[in-house]
Amino acid sequence: MLKIGLVGVGGISGEHIPVWEAMENVELSAICDIRTERMERYPEKHRYTDFNEMLEKEDIDILDICLPTYLHADFAVNAMEKGIHVICEKPVSLKKEDVDRVYSVAQKMNVKFMVAQVLRFWPEYELIKEIYDTGKYGMLLSGYMNRLGTCPKWSWDNWMKDPLRSGLVPYDLHVHDLDFMIYAFGQPISMQSHRSKRPEQDYISAIYNYEDFFITAEAAWYAAPMPFNAGFRFQFEEALITYVDGKCIAYQNDNTILDLSLGEVGGSGSLNLPRTNAYANEIHYFTDCVLTGKFPDKIRPAELETVIGILNEI
Ligand SMILES: NC(=O)c1ccc[n+]([C@@H]2O[C@H](COP(=O)([O-])OP(=O)(O)OC[C@H]3O[C@@H](n4cnc5c(N)ncnc54)[C@H](O)[C@@H]3O)[C@@H](O)[C@H]2O)c1
């Protein structure tokens, strides 16, 4: 039985905790947050307001870091130095040098470390990578990815609105789509971006140029109360694949229309593939790596460094 500890019982922990709870052979035994009220809904867990005390008193195998971004690397290093495997929310850091820092400690201590870049585990995004890799619909001609919503007002201490703690829209939202591009298509040849940044809103539009295609990506925290939405449109030689409002459709040039929706949210999934949850997929993948001793190579440090290098230019 693997013992799990989780630190940062804020917004995103609500996606992680049910996954750990539903797994067999793991026990989420301890949680930690500086706000005791955030832990009240989990009375059966060992609850800590001090992270070091949790590490001292609990015999944890895996730590799940759901803290504000600026704390990720230091907390990961602290736990790994004590021989604990770490899965950490995105982004790993705002600083490129932290990538080498965390992976060096993981190597030295012989523990696993993974940044939970959830789109790499998101069925509809994985499908795009598969279609691209197999050439099922011919060559990729262009892509469009978006991640748009209103400015976050719910984060602890308003850390998300602080550039030094969150990195704002590039590191909070656009990182998802850029990380997926680097994973699926490799490093772009060039990038051009535009940004409209005010204290109360932040919008970016970027074009990534590859040898045979280009991808336009938009991300925003608007001041206006726009409901969050994220999706894509990929134009292949023989089909257009869209992912809008959780529904993934292939419009084939032969006039056939296929519903490819695979995840928990979305359409009926006419391919009858199993419905999956990307947060569960990433946590299961990491746990399997810990159990089998395999390096979690679905996310590679060099790719994370490339992403941070590009984000720093936006
Ligand atoms: N993968 C995704 O889809 C996704 C979505 C949202 C957020 N995130 C990432 O998850 C991370 C957390 O975001 P969030 O929206 O949950 O933020 P949040 O502000 O809702 O939660 C952070 C929690 O950490 C706690 N905390 C702060 N300092 C602490 C400390 N020193 N010790 C213990 N607890 C402490 C806060 O009290 C808060 O409850 C961020 O890095 C963000 O980028 C990922």
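Among residues belonging to the stretch 56-70 that are within 12 Å of the ligand (Cβ to nearest atom) and in contact (Cβ under 8 Å) with a residue 60 or more places away in the chain, point out the one that is farthest from the chain's Cα centre (by Cα). Per the stated criteria, the residue is Tyr70. Residues considered: Cys88, Cys151. Of these, the only one that is more than 10 Å from the ligand (Cβ to nearest atom) and open to solvent by less than 50 Å² (accessible area, probe 1.4 Å) is Cys151.
Could you list all residues from the stretch 215-233 that are out of contact with any Ser or Thr (no Cβ under 6 Å at 6 or more places or on another chain) and open to solvent by 20 Å² or more (accessible area, probe 1.4 Å)? Thr216, Ala223, Ala224, Pro227, Phe228, Asn229, Ala230, listed by residue number. State yes or no: is Lys45 more than 9 Å from the ligand (Cβ to nearest atom), buried (at least 18 other Cβ atoms within 10 Å of the Cβ), basic (Lys, Arg) and at pLDDT 95 or above? In short, yes. Close contacts from the stretch 94-107, counting a first residue that is in the same structural domain as Gly167 (by TED's automatic domain parsing) and basic (Lys, Arg) and a second that is crowded, with 16+ Cβ neighbours inside 10 Å and in a helix (DSSP H, G or I), with Cβ to Cβ under 9 Å and a gap of 6+ residues or different chains, come to none at all. Is it the case that some residue within the stretch 181-190 is surrounded by 20 or more Cβ atoms within 10 Å (Cβ to Cβ), within 12 Å of the ligand (Cβ to nearest atom) and within 24 Å of Glu305 (Cβ to Cβ)? Among the residues of the stretch 181-190, not one is surrounded by 20 or more Cβ atoms within 10 Å (Cβ to Cβ), within 12 Å of the ligand (Cβ to nearest atom) and within 24 Å of Glu305 (Cβ to Cβ), which makes the answer no. Looking at the stretch 188-205, is at least one residue within 30 Å of Pro301 (Cβ to Cβ), among the β-branched types (Val, Ile, Thr) and part of a loop (DSSP other than H, G, I, E, B)? There is at least one residue in the stretch 188-205 that is within 30 Å of Pro301 (Cβ to Cβ), among the β-branched types (Val, Ile, Thr) and part of a loop (DSSP other than H, G, I, E, B). When residues in the stretch 127-148 are screened for being among the polar types (S, T, N, Q) and either loosely packed, with under 13 Cβ neighbours inside 10 Å or assigned to a helix (DSSP H, G or I) (or both), 1 of them pass.
With respect to Ala224, determine if the residue is modelled with pLDDT of 95 or more, in a loop (DSSP other than H, G, I, E, B) and hydrophobic (A, V, I, L, M, F, W, C).
The answer is yes for Ala224.
Yes/no matrix, rows are residues, columns are (1) away from the ligand (no atom under 16 Å from the Cβ); (2) touching a residue at least 12 places away in the same chain (Cβ under 8 Å); (3) of a type outside the set (Asp, Glu):
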{"site": "Leu178", "(1), (2), (3)": "no, yes, yes"}
{"site": "Lys197", "(1), (2), (3)": "yes, yes, yes"}
{"site": "Glu211", "(1), (2), (3)": "yes, yes, no"}
{"site": "Trp221", "(1), (2), (3)": "no, yes, yes"}
{"site": "Asn229", "(1), (2), (3)": "no, yes, yes"}
{"site": "Glu238", "(1), (2), (3)": "yes, yes, no"}
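Taken over the stretch 279-309, the criterion of being acidic (Asp, Glu), assigned to a helix (DSSP H, G or I) and free of Cβ contacts under 8 Å to residues at least 12 places away in the same chain is satisfied by Asp288 alone.
Given the options Glu53, Glu37, Glu24, name the one that is more than 15 Å from the ligand (Cβ to nearest atom), of a type outside the set (A, V, I, L, M, F, W, C) and surrounded by fewer than 17 Cβ atoms within 10 Å (Cβ to Cβ).
Glu24
Here Glu124 meets each of (1) at pLDDT 95 or above; (2) assigned to a helix (DSSP H, G or I) with one exception, condition (1). Taken together, the criteria place Leu168 among residues that are at pLDDT 95 or above and more than 10 Å from the ligand (Cβ to nearest atom).
The values are calculated or read from the model by the stated rules, or taken from the named source; none is laboratory data. From a predicted model like this one, the values you see are computed outputs, not experimental measurements. Please note: Cβ atoms are built from the backbone with ideal geometry, for glycine as well, and neighbour counts cover all protein chains shown. To get the accessible areas, we keep the full protein, side chains included, count just its heavy atoms, and leave off ligands, DNA and RNA. Shrake-Rupley method; radii C 1.70, N 1.55, O 1.52, S 1.80 Å.
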